[in-house]
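Working notes, structure below.
The values are calculated or read from the model by the stated rules, or taken from the named source; none is laboratory data. Note that the structure is predicted; figures quoted are calculated from it, not measured. Virtual Cβ from ideal backbone geometry, glycine too; neighbours counted across all protein chains shown. Just so you know, the surface numbers come from the protein's heavy atoms only, side chains and all, with ligands and any DNA or RNA stripped out. Shrake-Rupley method; radii C 1.70, N 1.55, O 1.52, S 1.80 Å.
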Amino acid sequence: MTTLQTVFATAKAENRAALVGYLPAGFPSKEGAVTAAAALVEAGCDVIEIGLPYSDPLMDGPTIQDAVHRSLVNGTRIADVLRTVEGVAATGAATLVMTYWNPIDRYGAERFARDLAGAGGVGTITPDLTPEESEPWRAASAAAGIDTVFLVAPSSTEARIKAVVDCCTGFVYAASLMGVTGARETVNVAAEDLVKRTRAHTALPVCVGLGVGTGKQAAEVAGYADGVIVGSAFIRRMLDAPDEAAGRESIGVLAREMAAGVRSRA
Amino acid sequence: MANDGTILTAADLAGNGAYGNDPDVHGKFGIFGGRYVPEALIPALDEVAAVYEKAKNDAEFLREFDHLLRTYAGRPTTLTEVPRFAEHAGGARIILKREDLTHTGAHKINNVLGQALLTKRLGKKRVIAETGAGQHGVATATAAALLGLECVIYMGQVDCERQALNVARMKLLGATVVPVTNGSQTLKDAINEAFRDWVTNVDTTHYLFGTIAGPHPFPEIVRDFARIIGVEARRQMLELTGRLPDAIAACVGGGSNAIGIFHAFIGDESVQLHGYEAAGHGLESGEHALTLTAGSVGVLHGSRTYVLQDEEGQTIESHSISAGLDYPGVGPEHAWLKDSGRAVYHGVTDDAAMAAFSLLARTEGIIPAIESSHALAGALELGRELGPEATILVNLSGRGDKDMGTAMKYFNL
């Protein structure tokens, strides 16, 4: 199992940023999610985030909402998410689960942490779990030996950044903009400033997500961040592809472009 | 009324802890409430909380709010005793708090005027809101027109269809109505979409939340602005009957009208508090909105509370003939009142609500909102249970004009 610590140490040694890809479990199908993630890993993604589909994804834009909706209609359950993690972790990539809090809350924090670790997962990203409410999850994760990643945002005050990074292990997720997930024309200038402000409070790697969709943008973000997170741009290509194989090929092309980007820091 | 002729004091607004029912600094009512939202929204929520904290003790703010409640919303609203209706409740005395007589036709105007004034203090020029039945949307559009704010309302596509009249009203008032076509296309999805707008436009925009759910400080702020219902009703009941009621009945969707009338009575142990949720086609049908009566504890829309969810935490779509009760969550303060036993919650089916709707129209010449009809149906049952000596106060939270389309279909009018 590759840990996040290994991933970021390797990337640092190679003077590049890490590439993090996001795909929801169960999309485009239960099996298809594993093969799509494997295509991303083969093309150069160091870390894979597997999204746990949730009925009320209030920080996701239309692209991820669409994919998640299809996944839920396909009948994706938590057992499927864990099986997906197992399949993706087998490729050698560090594999995380990104999820809203309620599914873990309902499943049971200790049980989820244990089962995720058992499936070879290395941690979670929980975008709606605030530091104030995070204690039970951090305790369960520590006991299971998995990392807990939380988000900082351009609107975060210094005090909030400190509170959030104090809860993080593995890395810190810096949301590049005020808004929902989805590829944008340009990566917000606030991202660089946020990474700088975050570094003042932590030695952990800082990865930037939201709105990254091209190799050029990846190179730009790699200029100041330890990792580049890409989700909607991959999913858009899969939604637009005529079939799963074409979708896999298409995201492989984009992931290679991104992988080159994180190696050519702008 | 307070001694200076106003209807509102700082204590009226906030209760100022007098009822032992205020959230802690993290917005927790016991284990319920709190904040489960993207970090990006935390500064905005902190700002709203800070501005409200200052406003609620500011005489100028209280004067402005009081002035709008009296001269614009039409407060205080009257009590109406309904003896012909009460004959069907075993002869118990039934008294209605007439929120249906407020401007825009429902209690929602109280919260909206308070938050519109807060928006000004926040220095923001744009408000967004979610709406189910359309009443909160209409009220928000109204306040926005009054105070010169840009207004965008998110409303589920299904609700837009069943409440077409309210969509037209909002447009006439100058608001932009955005139909939400994802998920179940009802209130919960409208809330998701409003949050997405808010996180994108938070610098210029206040999310004028319409019920006592959502992340802290919304449950507290919306409750405080709705509290006037119970504050008035308590004084009026003492004047009219010389005593407090034996029980209060209110419908519960998100729960703002219910908390509005309950809150001033929480310290009065002799007063039973009864909330009525929408049982839709009945519990067994699976098509209902029985969040408190049949749901489980979880997190929805930023708050820990009772939720209709499956065993893996996916929200289950609710059903009710009344759009305003068609919500799979509920305010955290109700969750707390339920668990503490201070309030009791029941279900009323679509059919029972529609029977009460028709009965009040025919016996008293008042056409209630279908939402409020759930409380009326509850009062009929409560009356039979408590006996002819009992006095029951019902929050008639809104009027039924908006429901004529549904009524025409239901009754073949």
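Quick look at the numbers
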read-out	value
Tally of residues being in a helix (DSSP H, G or I) and either free of Cβ contacts under 8 Å to residues at least 24 places away in the same chain or open to solvent by 10 Å² or more (accessible area, probe 1.4 Å) (or both) across region A:8-23	5
Among (1) within 14 Å of chain A (Cβ to nearest Cβ); (2) buried (at least 20 other Cβ atoms within 10 Å of the Cβ), the one test that B:T181 misses	(2)
Checking B:T142 against (1) crowded, with 24+ Cβ neighbours inside 10 Å; (2) polar (S, T, N, Q); (3) touching a residue at least 60 places away in the same chain (Cβ under 8 Å), the condition it does not meet	(3)
Selection status of A:G26, assigned to a loop (DSSP other than H, G, I, E, B) and over 22 Å from A:V195 (Cβ atoms)	yes
Some residue of region A:44-63 being of a type in the set (F, W, Y) and either more than 14 Å from every other protein chain (Cβ to nearest Cβ) or open to solvent by less than 10 Å² (accessible area, probe 1.4 Å) (or both)	no
Filter result (more than 10 Å from every other protein chain (Cβ to nearest Cβ) and touching a Pro at 6+ places or on another chain (Cβ under 9 Å)) within region A:149-173	A:D166, A:C167, A:G170, A:F171, A:V172
Every residue from region B:332-358 that is in contact (Cβ under 8 Å) with a residue 12 or more places away in the chain and either within 14 Å of another protein chain (Cβ to nearest Cβ) or of a type in the set (D, E, K, R) (or both)	B:P332, B:E333, B:K338, B:D339, B:R342, B:D350
Residue match in region B:368-377 (condition: within 30 Å of A:G108 (Cα to Cα) and in contact with a Lys or Arg (Cβ under 7 Å, 6 or more places away or on another chain))	no
Matching entry among B:A289, B:A279, B:A249 (being at pLDDT 95 or above, aliphatic (A, V, I, L, M), within 18 Å of the chain's Cα centre (by Cα) and over 20 Å from B:L308 (Cβ atoms))	B:A249
Pair list, Cβ under 8 Å, 6 or more apart: region B:201-214 residue closer than 12 Å to B:A129 by Cα, other residue open to solvent by 10 Å² or more (accessible area, probe 1.4 Å) and among the basic types (K, R)	B:T205/B:K124; B:T205/B:R126; B:H206/B:K124; B:H206/B:R126; B:G210/B:K108
Total residues in region B:219-253, condition without any contact (Cβ under 8 Å) to a residue 40 or more places away in the chain and not in a loop (DSSP other than H, G, I, E, B)	4
Residue match in region B:114-131 (condition: free of Cβ contacts under 8 Å to residues at least 24 places away in the same chain and in the same structural domain as B:D203 (by TED's automatic domain parsing))	yes
Conditions (1) within 26 Å of A:A43 (Cβ to Cβ); (2) more than 14 Å from chain B (Cβ to nearest Cβ): number failed by A:G182	(2)
Filter result for the condition that a residue is open to solvent by less than 20 Å² (accessible area, probe 1.4 Å) and either within 14 Å of another protein chain (Cβ to nearest Cβ) or over 21 Å from the mean Cα position of the chain (by Cα) (or both), over B:T176, B:T204, B:T186	B:T186
Residue within region B:97-106 that is on the phi > 0 side of the Ramachandran plot and of a type outside the set (K, R) present	yes
For B:P76: the one exception among (1) farther than 24 Å from B:G302 by Cα; (2) not in a loop (DSSP other than H, G, I, E, B)	(2)
Strands (runs of 3 or more DSSP E) fully within region B:290-404 counting 1 or more residues that are in the same structural domain as B:G183 (by TED's automatic domain parsing)	none
Selected residue (criterion: most open to solvent (accessible area, probe 1.4 Å)) from residues of region B:296-331 that are of a type outside the set (G, A, S) and more than 13 Å from chain A (Cβ to nearest Cβ)	B:H319
Inter-residue pairs, beta-carbon under 6 Å, first over 26 Å from B:L79 (Cβ atoms) and modelled with pLDDT of 95 or more and in region B:398-413, second part of a helix (DSSP H, G or I) and not charged (D, E, K, R), 6+ apart	B:Y410/B:M354
Per-region count, region A:90-149, residues of a type in the set (S, T, Y) and either assigned to a helix (DSSP H, G or I) or farther than 18 Å from B:E312 by Cβ (or both)	7
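To keep it simple, each residue is scored yes or no on (1) within 14 Å of chain A (Cβ to nearest Cβ); (2) touching a His at 6+ places or on another chain (Cβ under 8 Å); (3) basic (K, R); (4) open to solvent by less than 20 Å² (accessible area, probe 1.4 Å).
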{"position": "B:P38", "(1), (2), (3), (4)": "yes, no, no, yes"}
{"position": "B:I42", "(1), (2), (3), (4)": "yes, no, no, yes"}
{"position": "B:V51", "(1), (2), (3), (4)": "no, no, no, no"}
{"position": "B:G74", "(1), (2), (3), (4)": "no, yes, no, no"}
